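The values are calculated or read from the model by the stated rules, or taken from the named source; none is laboratory data. Here the structure is a predicted model, which means the values were calculated and not measured. Cβ coordinates were reconstructed from backbone atoms using ideal geometry, including for glycine residues, and neighbour counts include every protein chain displayed. For the accessible areas, the whole protein counts, side chains as well, though only heavy atoms, and no ligand, DNA or RNA atoms are used. Shrake-Rupley method; radii C 1.70, N 1.55, O 1.52, S 1.80 Å.
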Amino acid sequence: MLVADRLIAGAIMALSAYFMWHATVLPIGWEGETGGPGGGAFPFWLSLIMLLCAGGILARSFAADAKASFFFDRTMLRPLLMVVASLVITIALIPIVGAYVAIVAFLFWYLRIYGGHGWTLTMSLTLATPVFLFFFFEATLKILLPKGITEPLFFPLYAMFF
Amino acid sequence: MEMLALLGDGFATSLSPLNLMVVLLGVTAGLFIGAMPGLGSVNGVAIVLPLTFIVPPSSAIILLAAIYYGAMYGGAVSSVLLGIPGASTAVATTFDGRPMAQQGKAGLALIAAATASFVGGTISVVLFTLFAAPLADLALAFGPAEEFALVLLAFTTFVGLGGDDKLKTVVMICLGLVLSTVGLDLISGQPRLIFGDMPGFYSGISFLVLAIGVYGIGEILYTIETSKTAPQVTPAKITFRELGAGLKRINKMWKTMSLGSFLGFFVGMLPAAGATPASLMAYGIAKQTSKEPETFGKGNIEGVVAPETANNAASTGSLLPMLTLGIPGSPTTALLLGGMVMWGLVPGPMLFIEQPDFVWGLISSLYTANFAAVLINIALIPLFVWALRMPFTVLCAIVIVLCIVGGFAPSQKMHDVWLIAAFGVAGYLLRKADYPLAPLVLALVLGPLMEKSFRQTLIAEQGNVLAFIERPLSGFFIALAVLFFVLPLVQAWRRTARRAIAPAE
């Protein structure tokens, strides 16, 4: 799929231009008094090299003998999109309903509904994961995972472990 | 003699109950990670790194090194039992490992792989011990100019020696370097590339966020797409008689094994090369020097032994420049380097002077890890056969949860979790379009050092650019770097020149 190759090269070019634009906030030229380049020079000129190389890749894809490097099995598009979507939804839910609800919901959806695994496997993994996460991160490492609206439910547990 | 005394002290560190436990745990985890198709040492280290906060920094590095080691052993398991390399480093092991399994000799192939890995590991760890201190002494003379030249050299090896598309390699190196500049300018302290004042970018982009995204989420997406049908697991049984017979046959292959070990060690030191090319080269040489080359690819045990010694030796080799010079020899060691910096253990020659306990503890832990790996590997073979039957959706779910939580834990910002998801998808797409990911990760890790050394040199020399070539060592590195960079251009020019002549014939 040459189109995908071109889209990716084009996206890199756009990204480089965006980086260059942001890099100009700091001096990109030679600083007379200190010697050496200014703070924006490193990202600016490297982004320019990136832009030129990506441009080269894009131009190359229009050559008569251009070969596509991007291949895709269309039947696998659905599972792939499902995983990406569930990942995004899970992350978006974490600050609202808390990591424990979001991750448990993700595991249940992914293992039982999407994966079609049996109840024993689904439930043992879905229930063991939050317990492990709590003891590993909160009780041992004192790293608090986001709880969102479920925060009050954890007060008795905090009282027990901190 | 002094070296032996230091190594002895190191063993006192690495054989402490905590570190011994850490090595055993790391090796076992590494074996399983390596054995899972799709997950290799770099994925294992990226995903597990946030979990290592639970032990003190020096033990955390030993744990990660043990995972690295274990994964190198484990890679062979799925190469033999599934015919799918457990990691790219075990590709060459499938060539003869798979046919052996189909002939009912899976057990023998696994024993050969484990023993060969042990030999490769041991020879390379001895080489590592011999080279580490002298190289660190040499590196003591390095100033910022040499540091810059060396980092530049590391990147140009990707262009000159890496097998990937040159333009795409340059794009990935630049992308990694630019991403490393996000945050506060290290000289002036001003914020830059914060993309419309997003507070999450002030602290920069952590190497861990990129690594978890690319090697955790990205790898999962890649594996989902490529693993359409469940592969067939070949059963393997290990008996003591088979073990004895296997060891006897391997005992006749010292030439292949020592060749593989030396080759692997030195190839592994190069950032652009590493364990995969080293094992392929070792396989090629074993085939060429064999008396019966036609049996290779049809289940010749030597075809398992050669790549397995080389890939283990290469993993040790890639640790050498990381620890002594601060330049990682592989993506996995780049992550180890990032982890060490995070914990305040800055790799490089000063580490040998300031933290000898840690350095020699780590080196001696490679000996114990190697020894533990071969024993655990052979003992757990039945368990691997069982674990490889685990449906991919289960593994996938666990990895995704670990990526989300592991991405959140170090910084405790949801911003980083979103970045992980974005890097995961982007990394997957880039990989699909044949953009190499190793230079990207390496560039992000080395970017701050490269920029700092470049600008420090110029400030110290009042803006004299020639300072980089005037110093002999740095001049030598720069010359080599230029050579690596020009080499592909010359090759491309000669190819077009030949093509221009060809039609006239």
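Cβ-Cβ contacts under 6 Å between residues 6 or more apart (or on different chains), taken from a first residue in the range B:354-381 that is closer than 16 Å to B:P17 by Cα and aromatic (F, W, Y) to a second residue that is assigned to a helix (DSSP H, G or I) and open to solvent by 40 Å² or more (accessible area, probe 1.4 Å), are listed as B:F358/B:S58. If I filter the range B:434-452 for residues that are at the interface with chain A (Cβ under 8 Å from one of its Cβ atoms), surrounded by 24 or more Cβ atoms within 10 Å (Cβ to Cβ) and either touching a Phe, Trp or Tyr at 6+ places or on another chain (Cβ under 6 Å) or free of Cβ contacts under 8 Å to residues at least 12 places away in the same chain (or both), do I get at least one hit? So far as the range B:434-452 goes, yes, one or more of its residues are at the interface with chain A (Cβ under 8 Å from one of its Cβ atoms), surrounded by 24 or more Cβ atoms within 10 Å (Cβ to Cβ) and either touching a Phe, Trp or Tyr at 6+ places or on another chain (Cβ under 6 Å) or free of Cβ contacts under 8 Å to residues at least 12 places away in the same chain (or both).
In this structure, is B:E470 more than 14 Å from chain A (Cβ to nearest Cβ), surrounded by fewer than 20 Cβ atoms within 10 Å (Cβ to Cβ) and more than 30 Å from the chain's Cα centre (by Cα)? Here the answer is yes, as B:E470 does meet what is asked.
Considering only the range B:181-193, I want to know if a residue exists there that is assigned to a helix (DSSP H, G or I) and either closer than 30 Å to B:A460 by Cβ or out of contact with any Asp or Glu (no Cβ under 6 Å at 6 or more places or on another chain) (or both). So that I can check it myself, show each step before the final result.
From the range B:181-193, those assigned to a helix (DSSP H, G or I) are none; that's our starting set.
For the range B:181-193, residues assigned to a helix (DSSP H, G or I) and either closer than 30 Å to B:A460 by Cβ or out of contact with any Asp or Glu (no Cβ under 6 Å at 6 or more places or on another chain) (or both): absent.
Looking across the range A:66-77 at every residue that is in a helix (DSSP H, G or I) and either farther than 19 Å from B:A421 by Cβ or at the interface with another protein chain (Cβ under 7 Å from one of its Cβ atoms) (or both), the one that is most open to solvent (accessible area, probe 1.4 Å) is identified as A:R74.
Scoring B:L184 on the criteria (1) out of contact with any Ser or Thr (no Cβ under 7 Å at 6 or more places or on another chain); (2) open to solvent by less than 30 Å² (accessible area, probe 1.4 Å) leaves a single failure, condition (2). Among the criteria (1) more than 21 Å from B:F371 (Cα to Cα); (2) surrounded by 24 or more Cβ atoms within 10 Å (Cβ to Cβ), the one B:L51 does not fulfil is (2). The conditions of being in a helix (DSSP H, G or I) and at pLDDT 90 or above are not met by B:E294.
Condition first: more than 20 Å from B:P410 (Cβ to Cβ), crowded, with 17+ Cβ neighbours inside 10 Å, among the β-branched types (V, I, T) and within 11 Å of chain A (Cβ to nearest Cβ). Can you find one or more residues in the range B:211-219 that meet it?
Step one: filter the range B:211-219 for residues more than 20 Å from B:P410 (Cβ to Cβ), giving none.
Taking every residue of the range B:211-219 in turn, none turns out to be more than 20 Å from B:P410 (Cβ to Cβ), crowded, with 17+ Cβ neighbours inside 10 Å, among the β-branched types (V, I, T) and within 11 Å of chain A (Cβ to nearest Cβ).
In the range B:77-96, what residues are open to solvent by less than 10 Å² (accessible area, probe 1.4 Å), in contact with a Leu (Cβ under 8 Å, 6 or more places away or on another chain) and closer than 17 Å to B:F296 by Cβ? Before the answer, list the steps.
From the range B:77-96, those open to solvent by less than 10 Å² (accessible area, probe 1.4 Å) are B:77-81, B:86, B:90, B:92-93, B:96; that's our starting set.
Then keep just the ones that are in contact with a Leu (Cβ under 8 Å, 6 or more places away or on another chain); that gives B:77-78, B:80-81, B:86, B:92.
Hits for the range B:77-96 are B:V80, B:A92.
Select from the range A:1-38 the residues that are in a helix (DSSP H, G or I), surrounded by fewer than 16 Cβ atoms within 10 Å (Cβ to Cβ) and hydrophobic (A, V, I, L, M, F, W, C) and write down the one among them that is nearest to the chain's Cα centre (by Cα). Among those that are in a helix (DSSP H, G or I), surrounded by fewer than 16 Cβ atoms within 10 Å (Cβ to Cβ) and hydrophobic (A, V, I, L, M, F, W, C), it is A:A11. The requirement of being over 22 Å from B:D416 (Cα atoms), touching a helix residue (DSSP H, G or I) at 6+ places or on another chain (Cβ under 8 Å) and within 11 Å of chain B (Cβ to nearest Cβ) is fulfilled somewhere in the range A:123-137, by at least one residue.
Return the residues of the range B:339-353 that are open to solvent by 10 Å² or more (accessible area, probe 1.4 Å) and over 22 Å from B:L24 (Cβ atoms); say none if nothing qualifies.
Within the range B:339-353, the first condition is being open to solvent by 10 Å² or more (accessible area, probe 1.4 Å), and the residues that meet it are B:341-347, B:349-350, B:352-353.
Correct list: B:V341, B:M342, B:G344, B:L345, B:V346, B:P347, B:P349, B:M350, B:F352, B:I353.
Out of A:A41, A:A63, one residue alone is among the small types (G, A, S) and open to solvent by 20 Å² or more (accessible area, probe 1.4 Å). It is A:A63.
Does B:S411 count as within 14 Å of chain A (Cβ to nearest Cβ), of a type in the set (S, T, N, Q) and touching a residue at least 24 places away in the same chain (Cβ under 8 Å)? It is true that B:S411 is within 14 Å of chain A (Cβ to nearest Cβ), of a type in the set (S, T, N, Q) and touching a residue at least 24 places away in the same chain (Cβ under 8 Å). Please enumerate the residues belonging to the range B:8-39 that are out of contact with any Gly (no Cβ under 6 Å at 6 or more places or on another chain), modelled with pLDDT of 85 or more and open to solvent by less than 20 Å² (accessible area, probe 1.4 Å). Residues satisfying the conditions are B:N19, B:V22, B:V23, B:G26.
From B:L138, B:L167, B:L150, which residue is in contact with a Phe, Trp or Tyr (Cβ under 9 Å, 6 or more places away or on another chain) and under 30 Å from B:L458 (Cβ atoms)? Even if it seems obvious, please write down each step before you answer.
Working: B:L138 fails: in contact with a Phe, Trp or Tyr (Cβ under 9 Å, 6 or more places away or on another chain); B:L167 fails: in contact with a Phe, Trp or Tyr (Cβ under 9 Å, 6 or more places away or on another chain).
Checking each option against the conditions leaves just B:L150.
On the stretch given as the range A:113-122, residues that are of a type outside the set (S, T, Y), within 10 Å of chain B (Cβ to nearest Cβ) and assigned to a helix (DSSP H, G or I) total 1.
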